Structures are given as C-alpha cells and as structure tokens.
Amino acid sequence: MDYCHKHNLVEPEKAGAERRFGIRVTLPQGDTFARLIGDDWETIHWYSTEEERDDAYDNMATRHGYYRNTDDPTQILQKISR
C-alpha cells in the first residue's frame, strides 16, 4: 500500500504491527450529527501499545484550539483491548 499523504492514520513502518489497544469513538444517543452519518456510526483507532493508546486518548479528549467557543463536541471515547 502506498503512503503518500502525511494525514494517513497508519505510519508505513508500523503498518504490519499487531495492534491490540484501541479507542472506540461513538456519538451519544440523539446526537444531531448522527442525522448526517447514521445512528450506528462508530470508528475504532488501534495502537500497538497501551501507552500509545493512552497518549492518543488524552489528545482526542482534549478540547482542541480549532473549535469555536460555541462548539460543544459530543463524541464518546472508550478505551478497548483485544
């Protein structure tokens, strides 16, 4: 697989690594964004180590500077393992 864009979620040197630690991202029941992407939408990000996952979780849970003051992100983050 070619990795030509820096925004790809998988780093080429880690593409074949086993990933056992994840973060499930869902939306709360009745979220208005679900009207666009569906009530059953979810995505999972997988990581090789628990430390990588926990660092990513902390980053995802932080209110980033690109949100407007009136924005209230409602994603639900859940740490998972397999």
Scan region 47-78 for residues that are surrounded by 13 or more Cβ atoms within 10 Å (Cβ to Cβ) and either assigned to a strand (DSSP E or B) or of a type in the set (F, W, Y) (or both) and jot them down. Y47, Y57, L77
Residue list for region 59-81, filter: closer than 16 Å to A34 by Cα and of a type in the set (S, T, N, Q): T74, Q75
Checking E18, E51, E13 in turn, the sole residue that is of a type in the set (D, E, K, R), more than 14 Å from the chain's Cα centre (by Cα) and modelled with pLDDT of 90 or more turns out to be E51
So, of the residues in region 54-82 that are under 14 Å from P28 (Cβ atoms) and in contact (Cβ under 8 Å) with a residue 12 or more places away in the chain, which turns out to be farthest from the chain's Cα centre (by Cα)? T74
Tell me whether region 27-46 contains one or more residues that are assigned to a loop (DSSP other than H, G, I, E, B) and among the basic types (K, R). no
Region 38-52, residues that are under 16 Å from R24 (Cβ atoms) and in contact (Cβ under 8 Å) with a residue 24 or more places away in the chain: I44, H45, W46, Y47, E50, E52
Test of understanding: among I23, I37, which residue is surrounded by 10 or more Cβ atoms within 10 Å (Cβ to Cβ), under 12 Å from the mean Cα position of the chain (by Cα) and under 22 Å from T74 (Cα atoms)? I23
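The values are calculated or read from the model by the stated rules, or taken from the named source; none is laboratory data. Predicted model only: the values in this text are computed from it and were never measured. Ideal geometry is used to build each Cβ from the backbone, glycine not excepted, and the neighbour counts take in all protein chains shown.
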